[in-house]
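*Asks:* Have a look at this one.
Read the figures in this text as sums done on the coordinates, not as results from a lab. Keep in mind the model is a prediction, meaning the values are calculated, not measured. Don't worry about glycine lacking a Cβ; one is built from the backbone with ideal geometry, like all the others, and counts go over all protein chains shown.
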Amino acid sequence: MSAVVMDGKALAARIKEHIRVNCTKLPQTPSLAVVLVGDDPASAVYVRNKERDCSECGIACSDYRLPVETTQEELLCLVNRLNRDKRIDGILVQMPLPAHLNGQQVLEAIAPEKDVDAFHPENVGRILLERERYLPCTPAGIMALLREYGIDPAGKHCVVVGRSNIVGKPMAMLLLHADATVTICHSRTPDLREQCRRADILVSAAGRRGLVTADMVKPGAVVIDVAMNRGEDGRLCGDVDYAAVSEKADYITPVPGGVGPMTRAMLMENTYKAALRRLNG
Ligand code: GUN
């Protein structure tokens with residue numbers, strides 16, 4: 001039997017509509033500043049999508065496009081200006097930055113209360129302590145998708161493939177906080193296949209096309225594919241061999257239309273939250 005396809009696009013649309021209605025009840029429009037340095041085409045697409053999401057939710061989006069030769073000082077100066085600007089609720093600096101810039105220093109310069117990505121060390125620490133101000137967008141989007149399909153991680157064995165600061169590590173933390181037993185695998189894990197086969201919930205965020213094959217999946221598992229890779233034909237694809245794995249898993253996320261739209265919906269949610277905090281003092 002074929003797995004249930006977890007429709008992130010549809011759920012994200014419902015969440016965004018809910019945010020739109022809530023935004024109309026605020027005395028001021030929430031606002032997000034998006035900073036893009038250089039001309040990386042993939043980043044330009046992500047930023048365009050975020051602008052569209054803002055417009056759908058009734059969130060004001062101000063766009064700061066800086067040339068590739070921007071210096072660290074210039075970028076930090078812009079971030080400081082946005083930190084002080086009372087009209088801006090959330091700040092997002094699109095990653096990765098050009099190689100000559102220090103991304104970590106830039107993320108640490110963003111005021112934690114405006115850090116709607118939840119990348120600032122203070123917000124990362126808060127997540128670890130279950131005292132979060134904002135939830136990290138991709139892991140929060142995955143948790144919302146699991147909830148939507150009635151999947152409770154409590155008592156389950158979850159395997160997260162990938163240990164990035166953006167996805168792998170915070171994903172493991174949110175699953176742990178939901179009472180799952182969590183294994184984090186990465187490029188130096190010697191027995192990836194065996195580890196994955198033990199997963200009730202398998203989250204792949206490795207960014208390697210074809211990494212997760214059907215023999216690595218336990219029958220009846222939930223398979224979440226976070227990756228956005230390009231196939232040989234230029235089409236978007238994840239880490240998971242979708243056709244074969246959907247015959248073995250009970251639930252699966254498609255790429256595109258699974259995790260990606262949920263990540264963007266969570267960014268809108270964090271921006272709404274940031275505005276609410278400001279307006280409530
Ligand atoms: N680059 C890829 N994903 C993200 C994200 O979620 N936030 C930011 N700021 N940059 C990214």
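*Asks:* Against the longest alpha carbon principal axis of the chain, how many degrees, from 0 to 90 and to the nearest 10, is the axis of helix 168-177 turned?
*Replies:* With rounding to tens, the tilt is 80 degrees.
*Asks:* Mind checking which lysines have their Cα closer than 17 Å to the Cα of LYS248? Skip sequence neighbours fewer than 8 apart in that chain.
*Replies:* Here the lysines satisfying the reach criterion relative to LYS248 are LYS218.
*Asks:* Measure nothing fancy, just the Cα-based angle from helix 72-84's long axis to the longest principal axis of the chain, in degrees from 0 to 90, nearest 10.
*Replies:* Orientation of helix 72-84: about 80 degrees from the principal axis.
*Asks:* To continue, here is another question. What three numbers, in Å, describe the spread of the alpha carbons of the chain along their principal axes, ordered from the longest?
*Replies:* 52, 42, 37
*Asks:* Excluding residues on the same chain fewer than 8 positions from LYS9, give the lysines whose Cα lies under 22 Å from its Cα.
*Replies:* Counting by Cα, and skipping residues close in sequence, LYS9 has these lysines nearby: LYS50, LYS273.
*Asks:* Another one. Pick out, from ILE19, CYS185, VAL106, the residue whose Cα sits farthest towards the positive end of the charge dipole of the chain, with +1 on the Cβ of Lys and Arg and -1 on the Cβ of Asp and Glu.
*Replies:* Farthest along the dipole direction, towards plus: ILE19.
*Asks:* For helix 8-24, what angle does its Cα long axis make with the longest principal axis of the chain, in degrees from 0 to 90 and rounded to 10?
*Replies:* Orientation of helix 8-24: about 30 degrees from the principal axis.
*Asks:* Could you tell me the relative contact order of the chain? Use alpha-carbon pairs under 8 Å, at least six residues apart, and round to a whole percent.
*Replies:* 23 percent
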